């Protein structure tokens, strides 16, 4: 079974058109082709924009399950709550894609870490040219990386780069 874990934030909810956020989610779904979508949300993003996203997914005949974090700004609380949930997600999963495009810094940081720790097959994010901190519509691109490559860390400087 293919699964997509994706965080949903509320950044710019007063200024960001809902269509822009849905385009990012849709790009991620089209890229990963999941059988199951797991949304990682805060209490606030569960109220908005998640219901709008979920209703648009129904139009695509997709459904999702939700992991609501009690305090999306507290790293320790989120880790203790999300780690066992992520372990459950990984069970029975043939291919796991993690999308850390949206969400609090804590949510995105943990998803990046878990993509490495739990052996996700892909870590993806949607990016593009920005205006006012928001990705401009129509220029969104999906970027993908093998999370295992993040385990290696940076290469040491070569002989010509060594400051001596």
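Throughout, read-outs are computed from the coordinates displayed, never taken from laboratory work. Treat the numbers as computed from the prediction; the structure is a model and nothing was measured.
Side notes on the structure shown:
- Between 0 and 90°, nearest 10: helix 75-90 axis offset from the chain longest Cα axis: 80
- Diagonalising the gyration tensor over the Cα atoms of the range 2-149 and scaling each eigenvalue by 5 before taking the square root yields semi-axes of 21, 17, 16 Å, largest first.
- Build a GNM of the chain with springs between Cα atoms under 10 Å apart, and of 94, 35, 146 the one that fluctuates most is 94.
- For the options 145, 29, 53, a Gaussian network treatment of the chain with springs between C-alpha atoms closer than 10 Å singles out 145 as fluctuating the most.
- In this entry, the range 68-160 is assigned a mean projected area of 8.9 nm², taken as a quarter of its C-alpha convex hull surface.
- Helix 50-59 vs. the chain, principal-axis angle (Cα, 0 to 90°, nearest 10): 80
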